[in-house]
Amino acid sequence: MTSLVTAVRSQVLGRLARRIAGTGGPYAGLALLPDKVLWPLHRDGLDPVEQMAQRRDREPVSRLAVPFGLRVWLVTGDEPVREVLGSLDGFSNDFGRFAGKVGINVGQDPGGLGFADAPVHTRLRKMLTPEFTMRRLARLQPRIEAIVADRLDALDAAGAAGAPADLWHEFALPIPALTICELLGVPYADREYFQKLSTARFDMGDGAHTASLDAVGESLAYLGGLITEQRREPGEGLLGSLIRAHGDAIDDRELAGLADGVLTGGLETSASMLALGAVVLMDDAGMAARMRAGDDLDRMVEELLRYLTVVQVAFPRVAVRDLQIGGVGIRAGDVVMCSLSGANRDDAAGADPDRIDPARRPGRSHLAFGYGVHRCIGAELARMELRIAYPALVRRFPRMRPAVAPADLRYRRASIVFGLDELPVYL
Ligand code: HEM
């Protein structure tokens, strides 16, 4: 750990850390928006709010009332969402375009893929893609199985003697956190420390905001330290592999941005899918039985991804020219928000889209991982985690039930990644 502490203090990375820690990242501006603007992020339990369905039916491309003189569009239909996300030259994700708007400044650019356009995005994505091939991911499978088995034991211990155990903290969050440690190549000795940091950065509970910002800075600094070490001696994980393959063609800042993007993209998303999936399985005995038997596992996981759509909206896009989406005129400079949770409940999903139906055979794939060039790079890894964890959970605890009434589950109020902050269960 000593070498790490030294590396963490490295001046360059310290600056990088402070830059991000002091700002709260690109979504910090959300805190400035009034509640009525944030309604697309609200949910009624597991379902999108009713207003979403009304908009989708009547006006799938509609204006959002926002302050700061911004023109912001909400896109809720399956087809227009694909039009926006699939457009190669109509929209930009570039962070620079948001600077000066919604309380964001250019220094808050988190790096990584989500807020970059071609050619930067194309170059970085090409570097990262080989790390997510099925062949590379197969290497992780036995590790994920071991992590899941270990977390089931931890959950069991927490629920010993009939006490409620918190499935969020014991199971849902550590599984993706430890998987990402494995993926990145975080040394074993540091995993507990890194997992705590990862947990803290996403903890937006009352009063935790500042601690969260500190944790973002600390984890970036940690990643920076790791990069310094791996430049000297590349390890087996993603960071070492990128350094071996690209050397100085990727600089430390880009590497830290990619690693942090993997952490941001792959932790809370998978954790929320695990927790909310458990809520569904505790409520639906038929589905839990099928999951236990392993029948049609892939299809069940896809339906859970569609139904829960934890990433509620895609990264904001800015129109780079005047264009039409779903027959509606969008002006250059307008911001477009695509509601993935709204679009995934479109009739395009097949009959009765608000119902979870493991036998559903939709004509096209869901949008829970997005669409187009920014589509989730970690989709196969996420699927692997879910396909291992759900059946193992319902097999180990066939009588598991929530320890609070469904109405008392504490869902997040307005979060880009929908989820719970705790999930007390009786095993
Ligand atoms: C169930 C879990 C997950 C869900 C629902 C999810 C969802 C998404 C969505 C919707 C996008 C596209 C956003 C847009 O176009 O604006 C995205 C992008 C991304 N995801 Fe995931 N994700 C998950 C897991 C992961 C994992 C496990 C990783 C990596 C370990 C990851 C890394 C990323 C990255 C790096 C991007 C940016 C890609 C780009 O801009 O080119 N995600 N994810």
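The values are calculated or read from the model by the stated rules, or taken from the named source; none is laboratory data. What you see is a predicted model, and the numbers here were worked out from it, not measured in a lab. Glycine also receives a Cβ, built like all others from the backbone with ideal geometry; neighbour counts cover every protein chain displayed. The area values use the complete protein model at the heavy-atom level, side chains included, leaving out ligands, DNA and RNA. Shrake-Rupley method; radii C 1.70, N 1.55, O 1.52, S 1.80 Å.
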#### Entry: Matching entry among 12, 120 (being farther than 20 Å from residue 338 by Cβ and modelled with pLDDT under 85)
12
### Positions within the stretch 259-289 being polar (S, T, N, Q) and open to solvent by less than 20 Å² (accessible area, probe 1.4 Å), in sequence order
270, 272
### Message
I'm trying to understand the selection: among the residues of the stretch 379-395, which are within 10 Å of the ligand (Cβ to nearest atom) and open to solvent by 40 Å² or more (accessible area, probe 1.4 Å)?
### Response
380
### Filter result (more than 9 Å from the ligand (Cβ to nearest atom) and within 20 Å of the chain's Cα centre (by Cα)) within the stretch 269-297
275, 276, 277, 278, 279, 280
### Task
Of all residues in the stretch 64-78, count the ones that are exposed (fewer than 14 other Cβ atoms within 10 Å of the Cβ) and within 17 Å of residue 325 (Cα to Cα).
0
### Task
For the stretch 237-252, enumerate the residues that are open to solvent by 10 Å² or more (accessible area, probe 1.4 Å) and within 16 Å of the ligand (Cβ to nearest atom).
241
#### Entry: Test for residue 258: is it within 9 Å of the ligand (Cβ to nearest atom), in a helix (DSSP H, G or I) and either over 17 Å from residue 416 (Cβ atoms) or more than 15 Å from the chain's Cα centre (by Cα) (or both)
yes
### Task
Please identify the pairs in which a residue from the stretch 174-194 that is small (Gly, Ala, Ser) has its Cβ atom under 7 Å from the Cβ atom of a residue that is open to solvent by 10 Å² or more (accessible area, probe 1.4 Å), counting only partners at least 6 apart or on another chain.
177/195; 177/199; 185/235; 185/236; 189/1
### Query
Scanning for something in a helix (DSSP H, G or I), within 22 Å of the chain's Cα centre (by Cα) and of a type in the set (D, E, K, R), does the stretch 232-249 turn up at least one residue?
no
#### Entry: Test for residue 407: is it open to solvent by 80 Å² or more (accessible area, probe 1.4 Å) and in a helix (DSSP H, G or I)
yes
### Task
Answer yes or no as to whether residue 157 is farther than 24 Å from residue 221 by Cβ, modelled with pLDDT of 95 or more and open to solvent by 60 Å² or more (accessible area, probe 1.4 Å).
yes
### Task
For the stretch 216-225, indicate whether the set of residues that are within 16 Å of the ligand (Cβ to nearest atom), at pLDDT 90 or above and either in a helix (DSSP H, G or I) or out of contact with any Lys or Arg (no Cβ under 8 Å at 6 or more places or on another chain) (or both) is non-empty.
no
